[in-house]
Amino acid sequence: MSRLHDPFRRGQLAIAALFLSLGFQYATWAARIPAVKADLDLSAAEVGVLLMAAGVGAAVSFPAVAWLMRRMGSRRLALLSQLGLALLLLALAAAPNYPVALLVMCADGVLVGCLNVAMNAQGAALEARHERNTMAKLHAVFSAGSLLAALLASGMTAATGSVAAHFGVAVVLLAALGATARTGLLDEDAPADAPADAPADAPAPAGPEPARRRWTVPSRLTLWMCCAMVFGTVAEGAMNDWSALYLKDIAEASAELAPLGIAVVSGMMVVARLFADGWRGRWGDGRVVLLGSAVAGTGLAVALVSGGVAPALAGFACMGLGIAAVTPCVYAAAARQGSDALTLVAAMGTTGLLAGPPLIGFIAGASNLAWGMGAVAASAGAVALCSTRIRWTPVPAARSEATPA
């Protein structure tokens, strides 16, 4: 069967367009923050609050996203939120003052929460329908979207100083991605796992969950997933924000070498996510998360004890390699518990990304950055501990994406 007519490939391409959109949209406005700051005459503190507004919007969107997922299903929610995020770029470019920009960024965070949940639900549904792994590759596409946005921002900044022109081009590209997604998204979400006391032959529910069902108290399993997601995203976010400063201030790297910290972490994460679906098919999600987080925490801890630039870069590589598959695997496990569990886990992931860098900064301020990075290593170790409390679904060899359709 040709890839063009392969239902799995068609769905994978459509969902990948959503992941690419989210990474691209986020990095597009982030790359032009200096220009927005100048246009609105903002102080550094006001820029910090502007950035925080997007995070707060995403963190508090949980109740609304849970309701929308039950009422609309992941397909409609994904398409609407992807379109909304594109239009918000134009709104940010046209914002006449700081309060309006704050409202735009808060709305951006809410729609990010919507798209994050919906696209991961679509990815989990694709895996469940075709019994083939793809979540890790989809998350790698998100990183590719950020890279594409950075390249576009560099080119547009060189060509014109107009934020509106830049964002206009970005909206055209996002519209094309939305059209690509519309052609292949699934109409049904992944069914939730049957309760432990349900008959073995009881059919699993499919399709969007009824709007009349109220949100329920999270199960113990969901709470362990939330903990794994929080610690995983704390480690991921802190490495992106603090690795360069650690190399400069603690490892005493040169100004030219210091940015390599982010490059090593990000590069290893992309590579690992490209191969992680094969690992999941061979060893199962639980073992991938357990071993990966153990490698991440141990590798970084050894690097911190050893000191120096080369050990630090090796430790950063271990962190990127090991932590990369955590979020795809936990998202897939949460989706099998239903949209409420997925939405809560996604909200906890956002919380980890928000809380991680300031927490490491607080620890560094009370002692030094070496202890702060030690807390990152401990977070990876906590992921390994949480993974032992999660009921992972065994993945047969047939679910490997390498298996022919």
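The values are calculated or read from the model by the stated rules, or taken from the named source; none is laboratory data. As the structure is a computational prediction, the values presented were derived from the model and not from experiment. All Cβ positions, glycine included, derive from the backbone under ideal geometry; neighbour counts span all protein chains shown. Side chains are part of the model used for accessible areas, which takes the heavy atoms of the whole protein and leaves out ligands, DNA and RNA. Shrake-Rupley method; radii C 1.70, N 1.55, O 1.52, S 1.80 Å.
Structural remarks
- Of the listed requirements (1) open to solvent by 40 Å² or more (accessible area, probe 1.4 Å); (2) farther than 23 Å from A30 by Cβ; (3) modelled with pLDDT of 85 or more, A159 misses just one: (2).
- Candidate set from the stretch 57-66 (those that are open to solvent by less than 70 Å² (accessible area, probe 1.4 Å), out of contact with any Asp or Glu (no Cβ under 9 Å at 6 or more places or on another chain) and part of a helix (DSSP H, G or I)); member that is nearest to V104 (Cα to Cα): A59
- The set of residues in the stretch 291-342 being within 23 Å of F142 (Cα to Cα), open to solvent by 20 Å² or more (accessible area, probe 1.4 Å) and in a helix (DSSP H, G or I) consists of A317, C318, L321.
- Which numbered condition S379 fails, given (1) open to solvent by 10 Å² or more (accessible area, probe 1.4 Å); (2) farther than 20 Å from V295 by Cα; (3) part of a helix (DSSP H, G or I); (4) polar (S, T, N, Q): (2)
- Exactly one residue among G84, G73 is under 30 Å from F8 (Cα atoms), in a helix (DSSP H, G or I) and open to solvent by 10 Å² or more (accessible area, probe 1.4 Å), and that residue is G84.
- The set of residues in the stretch 227-253 that are open to solvent by 10 Å² or more (accessible area, probe 1.4 Å), closer than 11 Å to F316 by Cα and either out of contact with any helix residue (DSSP H, G or I) (no Cβ under 8 Å at 6 or more places or on another chain) or of a type in the set (S, T, Y) (or both) is empty.
- Taken over the stretch 274-288, the criterion of being open to solvent by 20 Å² or more (accessible area, probe 1.4 Å) and among the aliphatic types (A, V, I, L, M) is satisfied by L274 alone.
- Filtered residues of the stretch 11-31 (kept if open to solvent by 10 Å² or more (accessible area, probe 1.4 Å) and more than 17 Å from C106 (Cα to Cα)): Q12, L13, A16, L20, A31
- Here D41 meets each of (1) open to solvent by 70 Å² or more (accessible area, probe 1.4 Å); (2) in contact (Cβ under 8 Å) with a residue 40 or more places away in the chain; (3) more than 18 Å from the chain's Cα centre (by Cα) with one exception, condition (2).
- Only one of the numbered conditions (1) under 19 Å from the mean Cα position of the chain (by Cα); (2) more than 27 Å from G352 (Cβ to Cβ); (3) not aromatic (F, W, Y) is not met by A78, and that is (2).
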